[in-house]
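Scroll down for the structure; my scribbles are underneath it.
The values are calculated or read from the model by the stated rules, or taken from the named source; none is laboratory data. Model, not experiment: these values are computed from the prediction. FYI the Cβ positions are ideal-geometry reconstructions off the backbone, even for glycines, and counts take in every protein chain you see. Note: accessible area is taken over every heavy atom of the protein model, side chains too, but ligands, DNA and RNA are not part of it. Shrake-Rupley method; radii C 1.70, N 1.55, O 1.52, S 1.80 Å.
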Amino acid sequence: MGAPLVFVDKNTVLLVCGSNLCFWDTGSGEHEWLATSCAAIARACASPVKNLVAFAEGGTDPRVYVYSARPWKKQYELPGTTDLDLADLQFNYSGSRLYALAKAAKDRITVCSSLSGQAL
């Protein structure tokens, strides 16, 4: 995946395992899995402040999926963020915005509200 270590909260680390997400509680050692419909996951990030997790599928015309954490519930999808794999996907510090950076055919950044998915 080529991404930094992602913390969902102070004890939980997000790991990408092919097309699934693994949430590892470093305190208890327990693992929780979230199966996705993606063939592969190219990028993932989390906002501990807003209790959100986002990930982008790999390949052409990838979608970005945003889930609330515990209980895991899909909030929305962002289609058309780029033609090819995303270069980066991040929440801002306060968790109010989600940034998707594409650098394949041309540089492009998509900024949206992390709560509604609406483009800003």
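Across the stretch 64-73, which residue is modelled with the lowest pLDDT among those that are exposed (fewer than 15 other Cβ atoms within 10 Å of the Cβ) and part of a loop (DSSP other than H, G, I, E, B)? That would be Arg70. Taken together, the residues in the stretch 88-120 that are buried (at least 18 other Cβ atoms within 10 Å of the Cβ), under 13 Å from the mean Cα position of the chain (by Cα) and of a type in the set (A, V, I, L, M) amount to 3. Scanning the stretch 21-63 for residues that are of a type in the set (D, E, K, R) and either assigned to a loop (DSSP other than H, G, I, E, B) or within 14 Å of Asn11 (Cα to Cα) (or both) yields Asp25, Glu30, Glu32, Lys50, Asp61, Arg63. In the stretch 66-85, the residues that are free of Cβ contacts under 8 Å to residues at least 60 places away in the same chain and closer than 19 Å to Asp25 by Cβ form Cβ pairs under 9 Å with partners that are outside any strand (DSSP E or B) and open to solvent by less than 40 Å² (accessible area, probe 1.4 Å), at six or more places apart or across chains, as follows: Arg70/Val8. Only residues that are among the aliphatic types (A, V, I, L, M) and farther than 13 Å from Ser47 by Cβ were counted in the stretch 61-90, giving 5. Filter the stretch 74-110 for residues that are assigned to a strand (DSSP E or B) and at pLDDT below 85 and give the result. The answer is Ala102, Arg108, Ile109, Thr110. Within the stretch 53-63, restricting attention to residues that are open to solvent by 10 Å² or more (accessible area, probe 1.4 Å) and touching a strand residue (DSSP E or B) at 6+ places or on another chain (Cβ under 7 Å), the residue that is farthest from Leu21 (Cα to Cα) is Arg63.
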